[in-house]
Amino acid sequence: MTAGEVAEFIDRFAESSRAPVRPHTTVTSLRRTDDGYQVDTDQGGLRCDTVVIASGACNLPVVPAWSGAVPDSVTQLTPFDYRGPAQLADGPVLVVGASATGVQLAAEIQRSGRQVTLATGEHVRMPRTYRGRDVLWWMDASGVWDQRHDEVPDLTRARRLGSPQLVGTDERTTLDLNALTDLGVELVGRASTVRDHELLFSGGLRNVVALADLKQDRLLTGFDEWATRTGVDGDVKPVERFETTRVAASPRLRLDLRGIRTVLWATGFRADYSWLDTPVAGQVVDGKGQLRHDGGVVDSPGLYALGLPVLRRRRSTYIHGIEDDAREVVGHLAGHLGTGQ
Amino acid sequence: MTTIGSVDNGVNVQALLDAREALKGSPEAAQFTWRATTRWENGVHTTTTVKDFFGLGAEQTHKARSTFTADHPDVFAAEDNGITPIEYLLVGLTSCLTAGVASVAQNRGIQLRSVEATVEGAHDIRGILGADSDVRNGYNGITVSFSIDADASTEDIEALVAQSQKRSAVFDALTNPTDVTVKVV
């Protein structure tokens, strides 16, 4: 589905559900009252018994604190500013971050004729298709996405993990680091800091690509074992493995930023809870600005969350994960209303 | 021993200057490979030995084999058979900088009477414990304090310390990224 199709789908759902949707309304504050919550918006206030926060995890781009040391001659953009390569000055571009956003923008900008250098930290590698099926089919069918939040070994890490290196195209092409190398993108290690007009990159590039290669193989082995166990081996193409990620003999460790026109920070996003009233925020937002919740149940009676990474299961990160999550969270919410607490 | 005037810090500066001239014309001879071999003992206790290296176009050998024991302290629930690996970085840094101070002082005709470097590395161990992925594994900052008694002005002593950083292998290795390959053989 394209972004436009997803928006249409949601519009149709709003019509069919006849929910009182208030479009073009920005919530400016949420505070607790004696018996519920007061929500203020730019279109007036609302009194609520319960509130479900579904404002997402990607409200603001995250850039490193040291980005201020980048010389003024370089234009700095985040994915919120970026619309297409046409807005970029001609000349070399540094893309920082190699999750879904970073690899997609690196490919698009490199194809526009600008030399791209891609700073690569830890990332999640995935083939677009595996044994003839989309990798997301495998994630769904094999049960990876069903893993519950309380079964994930390191939930904090799982919730912070960058998006897999995937792109949606009609050709279903894989957009991994090897594909970018083939396009002419230069891979370098994680961007660590700016010193004297130079950006310094980690010397650990080989390790982060080896980690991603090993994890990809582990994921695919899990798919294969599931296919054998459940007898779908015959319905899919033979087992395949992919070329390990190629790294130059001596990856660049420093880049003179005076020779770069644009730095694009694809260094992730964070949620914005600045609109929560201070006493509420103090109770439910942790020191890193993340909402504290247990499977969507927030530690403030009648306050809930939906649509956050690995909220209740791995599937929660994706838009279709909302179905089961909503059923369970709304179940708790209905119980709260029923007891009159 | 070459000295400048009556200054003698025990550094053969002339030999270093001669080597610099000689290696300008033969960069291949300047390629050195330093080596160490670490053997796991038990727990986090390891023994590292250093004996051979390569340089000046040939295999070379130290006069004696050196052995370094590393471990973790009691507070990490280990046996504390030796200092921690990250403390060895501090050992490398200040021994390199101090050697640099002596060499530069010799070259500049400054007689040293005493040199003492104290180093502190600030380390948030939540990184290595995986307790907080925003905390780096390595040092957050390193501070070296030199106390130098020499026949020189404060300015000249500060210049010695500055020049020793400029030519320090370990200072460079710690402050600039290095391509690192780790493989299973």
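The values are calculated or read from the model by the stated rules, or taken from the named source; none is laboratory data. All of these numbers come straight from a predicted model, not from anything done at the bench. Every residue, glycine among them, receives a Cβ derived from its backbone with ideal geometry; neighbour counts consider all protein chains shown. To get the accessible areas, we keep the full protein, side chains included, count just its heavy atoms, and leave off ligands, DNA and RNA. Shrake-Rupley method; radii C 1.70, N 1.55, O 1.52, S 1.80 Å.
The rows are residues; the columns are (1) open to solvent by less than 50 Å² (accessible area, probe 1.4 Å); (2) over 16 Å from the mean Cα position of the chain (by Cα).
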site	(1), (2)
B:ASP132	yes, yes
B:ASN137	no, yes
B:SER147	no, yes
B:SER153	no, yes
B:GLU158	no, yes
B:ALA162	no, no
B:SER168	yes, no
B:ASP172	no, no
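Taking residues in the stretch A:82-97 that are closer than 19 Å to A:LEU257 by Cα, and partners anywhere that are assigned to a strand (DSSP E or B) and of a type in the set (S, T, N, Q), the pairs with Cβ atoms closer than 6 Å and at least 6 places apart or on different chains are A:LEU88/A:THR262; A:VAL93/A:THR262; A:LEU94/A:THR117.
Considering only residues in the stretch A:113-129 that are touching a Lys or Arg at 6+ places or on another chain (Cβ under 7 Å) and outside any loop (DSSP other than H, G, I, E, B), the one that is nearest to A:LEU264 (Cα to Cα) turns out to be A:ALA119. Among the numbered conditions (1) in contact (Cβ under 8 Å) with a residue 24 or more places away in the chain; (2) of a type in the set (Val, Ile, Thr); (3) not in a helix (DSSP H, G or I), the only one that B:VAL161 does not meet is (3). Applying the set (1) under 24 Å from A:LEU211 (Cβ atoms); (2) more than 14 Å from chain A (Cβ to nearest Cβ) to B:PRO177 leaves exactly one unmet item: (2). When you check A:VAL39 against the structure, is it surrounded by 15 or more Cβ atoms within 10 Å (Cβ to Cβ) and within 20 Å of A:ALA305 (Cβ to Cβ), yes or no? Yes: the conditions hold for A:VAL39.
Note on the stretch A:130-159: among residues that are more than 29 Å from A:LEU118 (Cα to Cα), part of a loop (DSSP other than H, G, I, E, B) and within 20 Å of the chain's Cα centre (by Cα), the one that is nearest to the other protein chains (Cβ to nearest Cβ) is A:PRO153. Scanning the stretch A:296-318 for residues that are open to solvent by 50 Å² or more (accessible area, probe 1.4 Å) and either within 14 Å of another protein chain (Cβ to nearest Cβ) or in contact with a Phe, Trp or Tyr (Cβ under 9 Å, 6 or more places away or on another chain) (or both) gives A:ARG314, A:THR317, A:TYR318. Between A:GLY268, A:GLY259, A:GLY282, the distinction of being at positive phi and not basic (Lys, Arg) belongs to A:GLY268 only.
Listed by first and then second residue, the pairs linking a residue in the stretch A:224-247 that is of a type in the set (Gly, Ala, Ser) to a residue that is surrounded by 11 or more Cβ atoms within 10 Å (Cβ to Cβ), with Cβ atoms under 6 Å apart and 6 or more places separating them unless they lie on different chains, are A:ALA227/A:ASP233. Taking the criterion of being acidic (Asp, Glu) and within 18 Å of the chain's Cα centre (by Cα), the only residue of the stretch A:162-192 that qualifies is A:ASP176.
Taking the criterion of being among the small types (Gly, Ala, Ser), within 14 Å of chain B (Cβ to nearest Cβ) and either open to solvent by less than 40 Å² (accessible area, probe 1.4 Å) or not in a loop (DSSP other than H, G, I, E, B) (or both), the residues of the stretch A:255-295 that qualify are A:GLY268, A:GLY289. When the stretch B:67-110 is filtered for residues that are open to solvent by 40 Å² or more (accessible area, probe 1.4 Å) and farther than 28 Å from B:ALA122 by Cα, the ones remaining, listed by number, are B:ASN107, B:ARG108.
Of the listed requirements (1) under 27 Å from B:ASP132 (Cα atoms); (2) in contact (Cβ under 8 Å) with a residue 60 or more places away in the chain, A:LEU337 misses just one: (1). Each residue in the stretch B:5-60 was checked for being among the polar types (S, T, N, Q) and over 23 Å from the mean Cα position of the chain (by Cα), and 3 pass. Does A:THR41 satisfy the condition of being over 26 Å from the mean Cα position of the chain (by Cα), without any contact (Cβ under 8 Å) to a residue 40 or more places away in the chain and under 25 Å from A:ILE319 (Cβ atoms)? Considered against the rule, which asks whether it is over 26 Å from the mean Cα position of the chain (by Cα), without any contact (Cβ under 8 Å) to a residue 40 or more places away in the chain and under 25 Å from A:ILE319 (Cβ atoms), A:THR41 comes out as yes.
In this structure, B:GLU120 does not satisfy being away from every other protein chain (no Cβ under 14 Å) and either part of a helix (DSSP H, G or I) or crowded, with 17+ Cβ neighbours inside 10 Å (or both). Residue count for the stretch B:124-138 satisfying the condition of being under 22 Å from A:ALA191 (Cβ atoms), assigned to a loop (DSSP other than H, G, I, E, B) and more than 12 Å from chain A (Cβ to nearest Cβ): 1.
Note on the stretch A:147-159: residues that are open to solvent by less than 30 Å² (accessible area, probe 1.4 Å) and hydrophobic (A, V, I, L, M, F, W, C) total 2.
Exactly one residue among A:VAL135, A:VAL144 is under 22 Å from A:SER316 (Cβ atoms), in contact with a Lys or Arg (Cβ under 7 Å, 6 or more places away or on another chain) and open to solvent by 30 Å² or more (accessible area, probe 1.4 Å), and that residue is A:VAL144. Does A:GLY204 satisfy the condition of being within 12 Å of another protein chain (Cβ to nearest Cβ) and either at pLDDT 95 or above or over 22 Å from the mean Cα position of the chain (by Cα) (or both)? Answer is yes for this residue.
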